[in-house]
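Notes follow once the structure below has been shown.
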Amino acid sequence: MNEEHLLRIQAITEAALLAAGKPLSLDQLRELFTEDERPARQVMEHVMVLLEDACDGRGFELRKVASGYRLQVRQEYAPWVGKLFEEKPQRYSRALLETLALIAYRQPITRGEIEDIRGVTVSSNIIRTLLEREWVRVVGHRDVPGRPAMYATTKQFLDYFNLTGLDQLPPLSEIRDLEEIGREIEKNMQAEIEFESPSKSDSDEQTLH
């Protein structure tokens, strides 16, 4: 495959990622091409390397997350990009971040188990928010009286926090408390999503600054 053909595939890939507004996997990108011109998976992997290199020195970067690849604003330009948005970025309460952290590190886990660890009742609004954001999902029910739902994180959780896998979370041994875990998770938010308009919120578990 000659250089001109590779550059064409790279340009099509870049255009698709800009238009998609969400991560695209290699297979999804390959499906953009007709069967007779569809690049092999190895070729697409090479194209992603070329595209990543082409982003050097620019205001955006190619980032691989759990669901695939996306083009996003570099974090260092967030203070300027954020001024384009009328809505202020959404911030989450300590209670929500602690609940999310426990699900991420102890999954699958029930609401009751979260309450036992935190020592306080988990608001139904917090669980609803996490489910609506598609950061967590019900993966089964504990085989105990009442059969409580067990929660685990999703690919959307990984995508939102700029992760490809749970192994990229900060090691639990290096973090002093659940609030710090929450701050570490929140720190991984990418600029593009950090500045999206907030969705409908519940005042008791979300705080807007």
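Out of the range 148-194, which residues are at pLDDT 60 or above and among the hydrophobic types (A, V, I, L, M, F, W, C)?
149, 150, 152, 157, 158, 161, 163, 166, 169, 172
Does at least one position in the range 115-129 carry a residue that is within 23 Å of residue 171 (Cα to Cα), surrounded by 17 or more Cβ atoms within 10 Å (Cβ to Cβ), touching a Lys or Arg at 6+ places or on another chain (Cβ under 9 Å) and at pLDDT 90 or above?
no
The values are calculated or read from the model by the stated rules, or taken from the named source; none is laboratory data. Since we're looking at a predicted model, the values are computed, not measured. Here the Cβ is made from the backbone with ideal geometry for all residues, glycine too, and neighbour counts use every protein chain on show.
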